[in-house]
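Report on one structure; see the data block that follows.
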Amino acid sequence: MADISTQGSDMRGRAEQCLARHASRPQALSACPCPLDEQDAGAELSGRVRSDETCAAAAHDDEVPHEAIGPVRHLLSLATMTPPAIRGYRLVVGLWRMSRPEQVLLILVVFAVGAAAGAVRVGSVDLRAVVWAAAALVPTALSVHFVNEYADAETDAMTTRTAFSGGSGALTDLGLTRTVPGVAAVVMAAAALAVLAAGAAGAAGAGAINGLVAVLLVVGLVGGWSYSVGPWPLSRHGTGEVANALLGGLLLPVFGVAAATGTVTIRDVLIFVPFALLVFVNLLETQWADRDADRITGKLTLAVRLRPPMARGVALAVTAVAYGVIAALAVLGLGSGDEGGSVPWAWAVAALPALPLSVWAAVSLARRPPLPAVLAIVTLLIGQGGVWVVLAASR
């Protein structure tokens, strides 16, 4: 069942072999159930179906072992049917793949890192508030992923997919229409807003979603949709990479801070600027793999607009700024250490393992499939996120 179309083609071929064997025998052919219409594997010759006994006899006359022809009826029944079970299977598998579960997990990790950084600042966290925010975040992320699959259906069908680019491939592989992710995107957006409303309804109780958290979530939802669809899709006008970096690299962890503390300070924003900058480089790298298909379909991403040397220059410059911000924040510090608002040196040191990966990503941009920039942001997230988690646990 892993590849329905392949199995169906194989079954049809075996059935057609049966038809070819009986083609010289009118009496057998008149009762043969093998499909003739290439467009419909379920068409039966003249509407007639022979019995299992007739099939066995014809097989014996043609010196074909009975056991080799006996399963023909079963094979045809599997090849020709389109039951709800198979359609449901394709739908479920397709939605799972288009949801991009590994990316949803990464989104939750970034959110958790933001919550931990907020906990270091205030010293304590209301877990109920964090859980409510996470519950609203998941359908928001799913909605954004589905609407992206909907918008990029044409491009993804033309490009060569990699582990980090080209969409999920579910529409092409499973024969689904773009209506499926389109409807799923709307449903998940409604679910996100419903969770948000439910959390906000308990504003008088501890741990309810406050106004700041609600605003940040709505901005993320609208921004995610605006990246892919709308009157002026950001991804098609050269601003998609910047917008996505701001949404996933800056707004997302700040949303985690807001969920954990109910407030956001300048320090909370600045500590995630380096991560957002490296996310931008990552997006430039992953978009580069799709640039040919994007150009053909009129999706003028930044990767399409930039020539390779210019793209590498931009990536190097952005990388330099990212690590420069890390060094500056560590040297200058923010807030008072007593309040947990300062930027610890350990946070800056934790970024060092990601530095060579970031340089590798910048200099190899447009020269290899996307990978180095992904490794760089994951390494940075694990290192600096680990620092915030340890400090939060120790307070």
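With Leu334, Leu316, Leu352, Leu357 as the choices, which residue is at negative phi, modelled with pLDDT of 95 or more and in contact with a Ser or Thr (Cβ under 7 Å, 6 or more places away or on another chain)?
Of the residues listed, the single one that is at negative phi, modelled with pLDDT of 95 or more and in contact with a Ser or Thr (Cβ under 7 Å, 6 or more places away or on another chain) is Leu357.
Can you go through Leu270, Leu216, Leu300, Leu250 and tell me which one is on the phi < 0 side of the Ramachandran plot, surrounded by fewer than 22 Cβ atoms within 10 Å (Cβ to Cβ) and touching a His at 6+ places or on another chain (Cβ under 7 Å)?
That would be Leu300, the only listed residue that is on the phi < 0 side of the Ramachandran plot, surrounded by fewer than 22 Cβ atoms within 10 Å (Cβ to Cβ) and touching a His at 6+ places or on another chain (Cβ under 7 Å).
Of the conditions (1) of a type in the set (S, T, N, Q); (2) surrounded by fewer than 19 Cβ atoms within 10 Å (Cβ to Cβ); (3) touching a strand residue (DSSP E or B) at 6+ places or on another chain (Cβ under 9 Å), Thr265 fails just one. Which one is it?
(3)
Mind checking which residues of segment 264-296 are hydroxyl-bearing (Ser, Thr, Tyr) and out of contact with any Lys or Arg (no Cβ under 9 Å at 6 or more places or on another chain)?
Thr286
Kindly indicate which of Asp290, Asp294 is of a type outside the set (A, V, I, L, M, F, W, C), out of contact with any strand residue (DSSP E or B) (no Cβ under 7 Å at 6 or more places or on another chain), buried (at least 21 other Cβ atoms within 10 Å of the Cβ) and touching a residue at least 40 places away in the same chain (Cβ under 8 Å).
After applying the criteria, what remains is Asp294.
Out of all the residues in segment 221-243, which are part of a helix (DSSP H, G or I), out of contact with any strand residue (DSSP E or B) (no Cβ under 8 Å at 6 or more places or on another chain) and either at positive phi or open to solvent by 50 Å² or more (accessible area, probe 1.4 Å) (or both)?
Within segment 221-243, Val222, Trp225, Val242 qualify.
What residue, among those in segment 153-184 that are out of contact with any Asp or Glu (no Cβ under 6 Å at 6 or more places or on another chain) and at pLDDT below 75, is nearest to Arg87 (Cα to Cα)?
Looking at the filtered set, the residue picked out is Arg161.
Go through segment 143-183 and give me each residue that's open to solvent by less than 60 Å² (accessible area, probe 1.4 Å), touching a Ser or Thr at 6+ places or on another chain (Cβ under 9 Å) and more than 24 Å from Ser226 (Cβ to Cβ).
Hits for segment 143-183 are Thr162, Leu174.
What tally of residues in segment 122-134 results from selecting those that are assigned to a helix (DSSP H, G or I) and either open to solvent by less than 40 Å² (accessible area, probe 1.4 Å) or at pLDDT 95 or above (or both)?
So the first thing to find is which residues in segment 122-134 are assigned to a helix (DSSP H, G or I), and the list is 122, 127-134.
Now restrict to residues that are either open to solvent by less than 40 Å² (accessible area, probe 1.4 Å) or at pLDDT 95 or above (or both): 129-130, 133-134.
Count: 4.
The values are calculated or read from the model by the stated rules, or taken from the named source; none is laboratory data. The model shown is predicted, which means the values in this text are computed figures rather than measured ones. FYI the Cβ positions are ideal-geometry reconstructions off the backbone, even for glycines, and counts take in every protein chain you see. To get the accessible areas, we keep the full protein, side chains included, count just its heavy atoms, and leave off ligands, DNA and RNA. Shrake-Rupley method; radii C 1.70, N 1.55, O 1.52, S 1.80 Å.
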